[in-house]
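Comments concern the structure below.
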């Protein structure tokens, strides 16, 4: 494998001059590279494009297949796969099943779970009160009741179970790891690149290998959710412990406390707030992954959304998507309220998680809704301890009675059908969508064709029909000009890896879609972000919409996009835009708002128009935020473009999906996963180093 | 510390809940089983097309109501289902389309999967055009004329060639190889699902737009629209042996059922039910129509058919 990866020919002569590009030379240099590229494309079109047709496989792909067969064959008796992995798999499957029988699945031979819906409802409400207070308890009660109203009781509870198990394990692993990283440089240096990879790798890429190792079902679901949700927790914990002021530590040190005491009595308590924010981020990431885990047969709402996608059932996807959104709101607000409660001084507010401070620490820190961290106006004093104890005690009795009742009466055990409006809502939405799709078809088709013929196809032929020996140095040159030497170095390695996977051409097609979608995302983000940054009112109107969009798990977007645009690459692009716009917009808005008011005042005093103000002052001053937002936009878009393989997006995403479902394509699918990761890392690094070099004006 | 109290309280609550769970189940009666033998768990793979759902829910429903099995349905792709039978998470696949490579691997070599006989359904895979096209261009049903019409099938996705629309990425298909080896000026574009194919046929027929797509029988959609099959070079034994060199039509499939070795040896009464399960394309299409066209839940659709066909069901249970 290594030999093949390194065997890539290096075209030194095509690389640009080696001196460090000065800012003012950037534009002409970029232009020159692009001219060389286009001319080369015109001459050498369709030569050496390294197209690998769908059924063709390289030796590398076959080698992975053989490896897979060996693992499968040895899984029966090998000590590692049978002994260690097998035990872990069995344990998780058993654990999930037990909890399911308790709360969601019929506990055979009972026709219903051990605890009926009323019991679950009251119990969760009580837990909400215990960890986060009365308001959260009400929110939990309403949300959980809605599970039933939406006709998604069992699957919603299953989703909660998978999410919470994953979060629990994340906390067990993540907190010690984060603390170790904060206290020990070496650990931090070793673990950080691993976290980087975990976060850049699109979830789709590791589903197949995980299913191979952990089998399909709950166990794989828990593990892949864990992989996705762990990094934010570890990073924010590290960040939290690190941010304890040095003066505080010194003061404590002068009192002669030991390192252990320092950690337990100073660092952890002071970082507690940040750590709870980490748990919040971890929970939200876990929820979004728990839906994608439907591809490895995870129980829960993801299955329903996947079914809806398969049946082009817009109504169904809306209902189940809504169920996921309310779970997200519930978890987010409850964990946020819990973190506020954990703060003794009620004046302090959560350091905005979306702020560039934390943002820069991470590659893709899920930037999730923050309804609850918006100014909590007129905070009421917390009820006294005795009062709370009393309520909790009474609550416990109510919980016990509810559970007992829900075991006695069928109507309190399984959610009554008469209250289930899921099908009605779903049919209404479907009817509406049919009507709308019919009506909008000419418009949507025209729009699709404009983007496809005007932007997507030309760019795809430029990237896909250029010989690899032309395009590879062109990308390197762009990386060098934009991001400097470090970006170049990363790009060389990533290109070599992509070449080694044998999927060069497909990667170029994926890159095309990613670039087109990113351009569109940034257009929308700048327009929305600028208006949000300039006007409080625009902000209060747009932000909740963005928050909602961010809570919707990625592949829920595919259903309406598919209904509107049919199975095309454009559908994947539309879904990617919907997924990438919120984060990009928020970052742009933050950046615009961050422009010093004195600068804005001074400019205004000089009598410039509003348009000049945006173009000449606010956008240039917010350059760093713009670059950061592009960086995030690219990564979000890439992960969605890959999932778009499910709906005609083609290229790498499609190969990953096929590898997942076709035996002989397993190796090729895994190779596509590797190529996607390499592409993601390359784009991310180029964008980050560009931001670092050109960010500050 | 308050936090510790809170943790303790949650613990007490959980303990209480469990304690309550241990005491009587009151007015809710256990599911009773009709037969004497214990059935236990039955995990049925559900592959992503409506016809399969019909099989799965009819068998699953009978297993639940008549044999007292604890049935769970696993939505998986075909090959994932095979893998699941080999690793023990899935007990049965109720509609298998050939897969000679997997038969060799799991049935012959690993011996983890066992053939459970035919379903009685005859499967056909092929390329289809909507009825209006067959009426207007009668010679389109011969593959030799496809290149003549290729320009009609151009779309934004097909890169200047004619578009051949495929289904779910997991479906059995030789289409890419066929296009290449028959020197057709076409590009395979993936629709993603059965619903996407049906949707495309509907809109092609309604708007009289050209469409060439992968489809299969048995499928309920034929009762709504009589799709016309394009004849590819005749299938001969072994002509599809090398996946990259295929240049002939798909073989006729006698769809069969599979059970995992572990389940076959478990002595569950559901094993005999699965082995005996046998019905016609029309039966399956009827249930599928209930599901796809009448939008019934699969379990309700299955129940409706079971109630209407007691004789057939009785034969499977003997």
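Where a number appears in this text, it was derived from the coordinates with a stated rule and is not lab data. Nothing here was measured: the structure is a model prediction, and the numbers come from that model. Because the Cβ atoms are built from the backbone with ideal geometry, glycine has one as well, and the counts that use them run over all protein chains shown.
With the Cα gyration tensor of the stretch A:154-344 in hand, give its eigenvalues times 5 under a square root as the equivalent ellipsoid semi-axes, listed largest first in whole angstrom. Show your work: numbers first, answer last.
Working: eigenvalues 264, 70, 26 Å².
After scaling each eigenvalue by five and taking roots: 36, 19, 11 Å.
Taking the Cβ of each residue in A:37, A:611 as the centre, tally the other Cβ atoms inside 10 Å and list the residues starting with the fewest. Display every interim value, and only then the final one.
Numbers: A:37 20, A:611 8.
Starting with the residue having the fewest Cβ neighbours, the order is A:611, A:37.
Given 10 Å bins starting at zero, what is the percent of C-alpha pairs of chain B in each, up to the one with the largest pair distance?
It works out to 5, 23, 27, 20, 13, 6, 4, 1, 0, in whole percents.
According to the Kirkwood expression over distinct Cα-Cα pairs, how big is the hydrodynamic radius of the stretch A:186-248, in Å? Don't skip to the end; give the middle numbers.
Numbers: mean 1/r = 0.0747 Å⁻¹.
The answer is 13.4 Å.
Past the 12 angstrom mark, what percentage of all C-alpha to C-alpha distances in the stretch B:256-296 do you count? Please report the intermediate quantities before stating the final value.
Numbers: 550 of 820 pairs.
Distances greater than 12 Å cover 67 percent of the Cα pairs.
Spin-label point model (7 Å from Cα, Cβ direction): what's the residue A:59 to residue B:145 distance in nm?
Between residue A:59 and residue B:145, the simple spin-label model gives 4.8 nm.
At 37 °C and 0.692 mPa s, what whole-number value in µm²/s does Stokes-Einstein give for the translational diffusion of the stretch B:36-176, with Rh from the Kirkwood sum over Cα pairs? Write down the numbers at each step before the final one.
Values: Rh = 18.1 Å.
Roughly 181 µm²/s, to the nearest whole number.
Using Cα centres only, tell me the gap between the stretch A:397-411 and the stretch A:243-278 in whole Å.
What the calculation gives is 45 Å, centre to centre.
Could you tell me what % of all Cα pairs in the stretch A:188-292 have separations over 18 Å?
In whole percent, the share of Cα-Cα pairs in the stretch A:188-292 beyond 18 Å is 58.
Just check the stretch A:578-679 against the gyration tensor rule for me: Cα atoms, a ≥ b ≥ c as the square roots of the eigenvalues, rounded for a/c under 1.5, and otherwise prolate or oblate depending on whether a/b exceeds b/c. Spell out each step's value before the answer.
Values: a/c = 5.27, a/b = 4.09, b/c = 1.29.
In terms of gyration-tensor shape, prolate.
What is the distance in Å between the Cα centres of the stretch B:79-101 and the stretch A:465-513?
40
Given a cut-off of under 8 Å on Cα pairs at least six residues apart, what relative contact order in percent is computed for chain A?
Details: 1023 pairs, mean separation 145.4, N = 697.
Reported as a whole number, the value is 21 percent.
Once the cut-off is 23 Å, how many percent of the Cα-Cα pairs in the stretch A:492-646 end up in the long-distance tail? Display every interim value, and only then the final one.
Details: 5416 of 11935 pairs.
Of all Cα-Cα pairs in the stretch A:492-646, 45 percent lie more than 23 Å apart.
Over the whole of A:563-575, what's the average partner chain Cβ count within 10 Å per residue? Rounded to a whole number, please. Working shown, then result.
Values: counts 1, 0, 0, 10, 13, 5, 3, 2, 1, 0, 0, 0, 0.
Taking the mean over all residues of the peptide, I get 3.
What would the Debye formula give as log10 I(q)/I(0) at q = 0.17, 0.21 Å⁻¹ for the alpha-carbon point model of the stretch B:123-245, no solvent?
-0.85, -1.37
Listing A:537, A:135 from the residue with the fewest other Cβ atoms within 10 Å to the one with the most, what is the order? Before the final figure, lay out the partial values.
On the way: A:537 10, A:135 15.
Listed from fewest to most nearby Cβ atoms, that is A:537, A:135.
Averaged over its residues, how many other protein chain Cβ atoms are within 10 Å of peptide B:215-222's Cβ atoms?
Numbers: counts 0, 0, 0, 0, 0, 0, 0, 0.
Counting Cβ atoms of other protein chains within 10 Å of each residue's Cβ and averaging gives 0.
Report, in degrees rounded to the nearest 10, the 0 to 90 angle that the Cα long axis of helix A:59-74 makes with the longest principal axis of chain A.
In chain A, helix A:59-74 runs at an angle near 30 degrees to the longest axis.
With axes computed from alpha carbons, what is the tilt in degrees of helix B:50-67 against the longest principal axis of chain B, rounded to the nearest 10 within 0 to 90?
20
Cα gyration tensor of the stretch A:20-92, axes a ≥ b ≥ c as square roots of the eigenvalues: rounded (a/c below 1.5), prolate (a/b > b/c) or oblate? Each step should come with its number before you reach the end.
Values: a/c = 5.92, a/b = 2.29, b/c = 2.59.
It is oblate, given that a/c is not under 1.5 and a/b is not larger than b/c.
Based on the Cα gyration tensor of the stretch A:112-201, what are the three equivalent ellipsoid semi-axes, each the root of five times an eigenvalue, rounded to whole Å and given largest first? Walk me through the numbers on the way to the answer.
Numbers: eigenvalues 264, 51, 25 Å².
Values for the stretch A:112-201, descending: 36, 16, 11 Å.
Calculate the all-directions average of the projected area of the stretch A:574-628's alpha-carbon convex hull, and give it in nm². Display every interim value, and only then the final one.
Working: hull surface 16.4 nm².
Result: 4.1 nm².
So if we plug the beta-carbon distance of residue A:259 and residue A:173 into 1/(1 + (r/R0)^6) with R0 = 22 Å, what FRET efficiency do we get, rounded to 0.05?
Working: r = 22 Å, r/R0 = 1.00.
It comes to 0.50.
Working from the pairwise distances between different alpha carbons, so that the mean of 1/r is found and then inverted, what is the stretch A:126-264's Kirkwood radius in Å?
Numbers: mean 1/r = 0.0553 Å⁻¹.
Computed over Cα pairs of the stretch A:126-264, the Kirkwood hydrodynamic radius comes out at 18.1 Å.
Using alpha-carbon positions, what is the distance between the centroids of the stretch A:43-109 and the stretch A:622-685, in Å?
The two parts, judged by their Cα centres, are 19 Å apart.
Taking a ≥ b ≥ c as the square roots of the eigenvalues of the Cα gyration tensor of the stretch B:265-318, is the shape rounded (a/c under 1.5), prolate (a/b larger than b/c) or oblate?
Numbers: a/c = 2.34, a/b = 1.93, b/c = 1.22.
Here the stretch B:265-318 falls in the prolate category.
Based on other C-beta atoms within 10 Å, arrange A:601, A:441 from fewest to most.
Details: A:601 10, A:441 15.
The most exposed by this proxy come first: A:601, A:441.
Of the DSSP beta bridges with both residues in the protein assembly as shown, give the percent that are antiparallel, rounding to the nearest 5. Provide the component values of the computation, followed by the final result.
On the way: 17 of 31 bridges.
So the antiparallel bridges amount to about 55 percent of the total.
Project the alpha carbons of chain A onto their principal axes and report the range along each, largest first, in whole Å.
Principal-axis extents of the Cα atoms in chain A, largest first: 80, 65, 62 Å.
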